[in-house]
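So the structure is just underneath, and the comments pick up after that.
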Amino acid sequence: MSADISKLIIIGASGHGKVIADIAARCGYTDIAFFDDNPEVKECMGYPVIGKTENAKEYPNAKFIVAIGNPKIRQKVQEQLETMKLSVISLIHPNAVIADHVEIGEGTVVMAGAVINPASKIGKGCIVNTGASVDHDNVLEDFVHVSVGSHLAGTVRIGKRTWIGAGAVVSNNIKICEDCMIGAGAVVVKDIEKSGIYVGVPVREQVRRDTENMSKQKN
Ligand SMILES: CC(C)(COP(=O)(O)OP(=O)(O)OC[C@H]1O[C@@H](n2cnc3c(N)ncnc32)[C@H](O)[C@@H]1OP(=O)(O)O)[C@@H](O)C(=O)NCCC(=O)NCCS
């Protein structure tokens, strides 16, 4: 991405926000600030916290990206920005590998060492995290998170807001529906058609099916 001198506001002064700030700086953003709903957080990575989401409309010329791990909250905040007609950007680490014929939606971030292979379509507000791979012909619907070191083989489709845990593997030609949590280290070899939490090798549904648990997970 070319250097850009406009203000970038990252919503969420979290660990995930730190990684996004680092990518933004490497992409040439020099005027970076955070929003965070916790009034006690004053700075992050040396960048100031200058407000909350509700202050976004006071910065009509800024660019925004949402750094919130919980997919439902990430969706809600990004949609608020879109409703306010504000500019939501995507960020790609310079050391990510993005093949030709890949589409990447607004608000999506691709971290260092991630690989996205040809003809894959990444929706808006997605996270392709550090060292993750998304092979050819994948479709990631909006607000999907492919966690650190996880791997999606060819022609995989992941439904909205689904979170693939750290180091998980999804075999080729698999479909996973929306609002699933695939546990860290899991292996998915059959389609998943019911929202819920799935763990193990191969995955089995966890008895407790409260996807709000996803909010407890750190990035
Ligand atoms: C799957 C997950 C969401 C479950 O969280 P939870 O509902 O709080 O589950 P608990 O920690 O209460 O564990 C419940 C049971 O499931 C087991 N379990 C939890 N996660 C597991 C996993 N990934 N694989 C296998 N078993 C797992 C626990 O050992 C426990 O088993 P027990 O009842 O026999 O003791 C979570 O453990 C997980 O894997 N999160 C992924 C985090 C991640 O990848 N973050 C990446 C950030 S980039």
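The values are calculated or read from the model by the stated rules, or taken from the named source; none is laboratory data. Small disclaimer: the values here were computed from a predicted structure and weren't measured. Neighbour counts run over all protein chains shown; Cβ positions are idealised from the backbone, glycine included.
Things to note:
- Any hit, region 131-152, residues being in a strand (DSSP E or B), of a type outside the set (A, V, I, L, M, F, W, C), within 12 Å of the ligand (Cβ to nearest atom) and at pLDDT 95 or above: yes
- So Gly113, is it in contact with a helix residue (DSSP H, G or I) (Cβ under 7 Å, 6 or more places away or on another chain) and either at pLDDT below 95 or in a loop (DSSP other than H, G, I, E, B) (or both): no
- Sole exception among (1) assigned to a loop (DSSP other than H, G, I, E, B); (2) more than 21 Å from Cys180 (Cα to Cα) for Gly107, by number: (2)
- Members of region 95-124 that are within 9 Å of the chain's Cα centre (by Cα) and more than 16 Å from Ala21 (Cα to Cα): Lys124
- Residue in region 90-110 that is closer than 21 Å to Gly185 by Cα, crowded, with 24+ Cβ neighbours inside 10 Å and among the aliphatic types (A, V, I, L, M) present: yes
- Failed condition for Gly113, given (1) on the phi < 0 side of the Ramachandran plot; (2) of a type in the set (Gly, Ala, Ser); (3) not assigned by TED's automatic domain parsing to the domain that holds Lys57: (1)
- Test: residue in region 117-127 that is crowded, with 17+ Cβ neighbours inside 10 Å, out of contact with any Asp or Glu (no Cβ under 9 Å at 6 or more places or on another chain) and assigned to a loop (DSSP other than H, G, I, E, B): no
- Residues located in region 165-187, provided they are surrounded by 24 or more Cβ atoms within 10 Å (Cβ to Cβ) and either farther than 14 Å from Asn138 by Cα or within 7 Å of the ligand (Cβ to nearest atom) (or both): Ala168, Cys180, Met181, Ile182
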